[in-house]
């Protein structure tokens, strides 16, 4: 009965490779997000989707491409991985709206290590 | 303008003490201020949240104090326990954009 799930939990790969992280939520939310947490624990939003439409696209290299096949899924594909991409990536979801109804719920994270 | 400044970076308190974590912001377009708790290896989890038209909100041992004129808000943990040891993040949501801007985080340690 996991609310927001991500796969894989750990991802170790070589520089230059392409990899994907998958996210699914079963909360009935219409908005999903990708965050990056760096080694200093700083959390920064990368993308958000509402009803499969891209809403937020922060200044993220275009090697990162999110894809939302439906409201319950938001995947993150990363091309040509670089050392600096090593971080923990969190998926989150919420209802679109204001106040407590739009609280964001986070997944368990995917720790990406680029060698 | 979209920053949220959080302090201290780390905090050590004895069991039963009252740790206080402070946050400050500049942008008046923020309309919602949640606090998240993160344990090692886990995702952030919502702890408590407040709207700017409320000066204080309490849930169990956790209290948010909000000072709209000073653009500051803080988290107080009453009767702190070793199980409260975690990283705490304040955040502010940009009105209409559903975008959360996080503070830098505070690593809290409660000694038994």
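The values are calculated or read from the model by the stated rules, or taken from the named source; none is laboratory data. Please read these numbers as outputs of a predicted model, since none were measured by experiment. For neighbour counting, all protein chains shown are included, and Cβ atoms are generated from backbone atoms with ideal geometry for every residue, glycine included.
Worth a mention:
- Among the residues making up region B:80-102, those that are within 26 Å of residue B:30 (Cβ to Cβ) and assigned to a loop (DSSP other than H, G, I, E, B) are B:95, B:96, B:97, B:98.
- Considering residues of region A:48-90 that are more than 14 Å from chain B (Cβ to nearest Cβ), free of Cβ contacts under 8 Å to residues at least 12 places away in the same chain and assigned to a loop (DSSP other than H, G, I, E, B) only, the residue surrounded by the fewest Cβ atoms within 10 Å (Cβ to Cβ): A:62
- Residue ID - surrounded by the most Cβ atoms within 10 Å (Cβ to Cβ), chosen from residues in region A:8-22 that are part of a strand (DSSP E or B) and within 14 Å of another protein chain (Cβ to nearest Cβ): A:21
- Of the residues making up region B:103-112, those that are surrounded by fewer than 20 Cβ atoms within 10 Å (Cβ to Cβ) and over 25 Å from residue B:31 (Cα atoms) number 4.
- Taken residue by residue, region B:66-76 has no member that is surrounded by 18 or more Cβ atoms within 10 Å (Cβ to Cβ), without any contact (Cβ under 8 Å) to a residue 60 or more places away in the chain and more than 24 Å from residue B:28 (Cβ to Cβ).
- Checked against (1) in contact (Cβ under 8 Å) with a residue 40 or more places away in the chain; (2) assigned to a loop (DSSP other than H, G, I, E, B); (3) within 23 Å of residue A:111 (Cβ to Cβ), residue B:109 passes all but condition (2).
- Checked against the criterion of being farther than 30 Å from residue A:54 by Cβ, more than 9 Å from chain A (Cβ to nearest Cβ), under 15 Å from the mean Cα position of the chain (by Cα) and modelled with pLDDT of 95 or more, the candidates B:108, B:47 yield just one match: B:108.
- Extreme residue, nearest to the other protein chains (Cβ to nearest Cβ), among residues of region A:23-47 that are assigned to a strand (DSSP E or B) and farther than 14 Å from residue A:89 by Cβ: A:31
- Looking across region B:54-78 at every residue that is part of a loop (DSSP other than H, G, I, E, B) and over 20 Å from residue B:2 (Cα atoms), the one that is nearest to the other protein chains (Cβ to nearest Cβ) is identified as B:54.
- Checked against the criteria, residue B:14 counts as touching a strand residue (DSSP E or B) at 6+ places or on another chain (Cβ under 6 Å) and in contact (Cβ under 8 Å) with a residue 40 or more places away in the chain.
- Whichever residue in region A:91-101 is surrounded by 18 or more Cβ atoms within 10 Å (Cβ to Cβ) and at the interface with another protein chain (Cβ under 9 Å from one of its Cβ atoms) and, among such residues, is farthest from the chain's Cα centre (by Cα): A:94
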